[in-house]
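Visitor: So that we are looking at the same thing, I have put the structure below in structure tokens.
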Amino acid sequence: MNANLQNKGITLILGTAIISGFAVFINKIGVKDFNPYLFTFLRSVLVSALLVGLILGLKEFKTLKKLTKKDWLLLAVIGLVGGSIPFLLFFKGLSLTTAANGAFIHKTMFIYVGILAFVFLKEKIPTRFLIAGVLLLAGNLYFLKFLPYGVKEGDIFVLAATVFWAVENVISKYALRTLSPTIVAFGRMGIGALFILLFLIFTGNVQTFSRLTLVNLQWILVSSVILFGYVITWYTGLKYIHVSTATIILLLGSPITSVLTFIFQGQPFTQTQAVGSFLLVIGAALAIGFGTITQLVKNLLKLTYGIRT
């Protein structure tokens, strides 16, 4: 694959990481005092509707009709393993733990993805990305020492969700060899929503629809728009780079959540946190690549000031 497509993929996944960093923090607020399962279902439905609109806009509806039974089975697995079970686990866990803990555990996904991608997709992770992953995790651990930490009940749910998503991402990378990112995203969210609905019906949680408030609906709308941006940038970027590389870049979302949590808690900036920040900056630079950073700065200068570089 040529360098331009790889850079495109890296840029898109960087966008996903930024969205992810804000999403975990915002969803932690939105899911408070709200049935996490219903929250998950309604988000999935809204995102699915947006994806259908995008499919129609991109004129990919005919492609859906041409999908084989094998394609639909693959999408169903993606919907089950990626769009239903882990969402239920994650938001249940997020309602029981801190946003920073949830974000950090979620970002350990690169470890499980790296192992699975090596075994099933024959991917090899460049040394630069491995070092970046270790630095980002270490930096975030230092940062989290100044936030509520320790193993909580919700952390177990988030960890289980992360493992499921690791499996789903490897399957999705395989599916992207023949299917478009939009259709894979629709499989995850649309079919996933059907599985979640079945869960709501069999567990009696469907009755909580009657307890929805205007505030709940507002948070669902905000969260859905964020998730739509996440899945579009993620699956489009994933088509052009290794899934193991993509999940390492996704680590950049964790410090964003930590910083937001730190700011709103108003805790003092200490020496240990300074060490963590340094590790995060170095890890981010390695993950993105100094060449990519230089090019991004040049493009930003062109857009902002019209400077020729």
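The values are calculated or read from the model by the stated rules, or taken from the named source; none is laboratory data. The structure presented is a predicted model; accordingly, all values stated were derived computationally and were not measured. Neighbour counts are summed over all protein chains in view; Cβ atoms, including those assigned to glycine, are modelled from backbone coordinates with ideal geometry.
Visitor: I'd like the full set of residues that are within 13 Å of Tyr142 (Cα to Cα) and either in a helix (DSSP H, G or I) or at pLDDT 75 or above (or both), limited to region 264-280.
Guide: Quick first cut of region 264-280, residues within 13 Å of Tyr142 (Cα to Cα) only: 269-280.
Scanning region 264-280 gives Gln271, Thr272, Gln273, Ala274, Val275, Gly276, Ser277, Phe278, Leu279, Leu280.
Matching residues to (1) under 21 Å from Val215 (Cβ atoms); (2) of a type in the set (Gly, Ala, Ser):
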site	(1), (2)
Thr16	no, no
Ala23	yes, yes
Pro36	yes, no
Leu50	no, no
Glu60	no, no
Leu67	no, no
Ser95	yes, yes
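Visitor: Among what's in region 216-261 and is among the aromatic types (Phe, Trp, Tyr) and assigned to a helix (DSSP H, G or I), pick the residue that is modelled with the lowest pLDDT. Break it down stepwise before answering.
Guide: Within region 216-261, the first condition is being among the aromatic types (Phe, Trp, Tyr), and the residues that meet it are 219, 228, 230, 234-235, 240.
Of the ones still in play, those that are also assigned to a helix (DSSP H, G or I) are 219, 228, 230, 234-235.
Working: Trp219: 87, Phe228: 96, Tyr230: 95, Trp234: 97, Tyr235: 97.
By that ranking, first place goes to Trp219.
Visitor: Same structure again: Which is of a type outside the set (Gly, Ala, Ser), closer than 21 Å to Pro86 by Cβ, at pLDDT 85 or above and within 14 Å of the chain's Cα centre (by Cα), of Val119, Val163?
Guide: Numbers: Val119 fails: within 14 Å of the chain's Cα centre (by Cα).
Residue meeting the stated conditions: Val163.
Visitor: Just to be sure, is Thr108 surrounded by fewer than 23 Cβ atoms within 10 Å (Cβ to Cβ) and free of Cβ contacts under 8 Å to residues at least 40 places away in the same chain?
Guide: Numbers: surrounded by fewer than 23 Cβ atoms within 10 Å (Cβ to Cβ): yes; free of Cβ contacts under 8 Å to residues at least 40 places away in the same chain: no.
Against the criterion (surrounded by fewer than 23 Cβ atoms within 10 Å (Cβ to Cβ) and free of Cβ contacts under 8 Å to residues at least 40 places away in the same chain), Thr108 does not qualify.
Visitor: Right, something else. Among the helices (runs of 4 or more DSSP H) confined wholly to region 1-100, which include 2 or more residues that are crowded, with 21+ Cβ neighbours inside 10 Å? Reasoning before the result, please.
Guide: Numbers: elements: 3-30, 36-57, 61-65, 69-83, 85-94.
By residue number, 3-30, 36-57, 69-83, 85-94.
Visitor: Scan region 56-89 for residues that are aromatic (Phe, Trp, Tyr) and within 30 Å of Ile105 (Cβ to Cβ) and jot them down.
Guide: At the first step, the residues of region 56-89 found to be aromatic (Phe, Trp, Tyr) are 61, 72, 87.
If the condition is that a residue be aromatic (Phe, Trp, Tyr) and within 30 Å of Ile105 (Cβ to Cβ), then Phe87 is the only one that fits.
Visitor: Name every residue in region 127-148 that is over 21 Å from the mean Cα position of the chain (by Cα), at pLDDT below 80 and not aliphatic (A, V, I, L, M), in order of residue number.
Guide: Hits for region 127-148 are Tyr142, Lys145, Phe146, Pro148.
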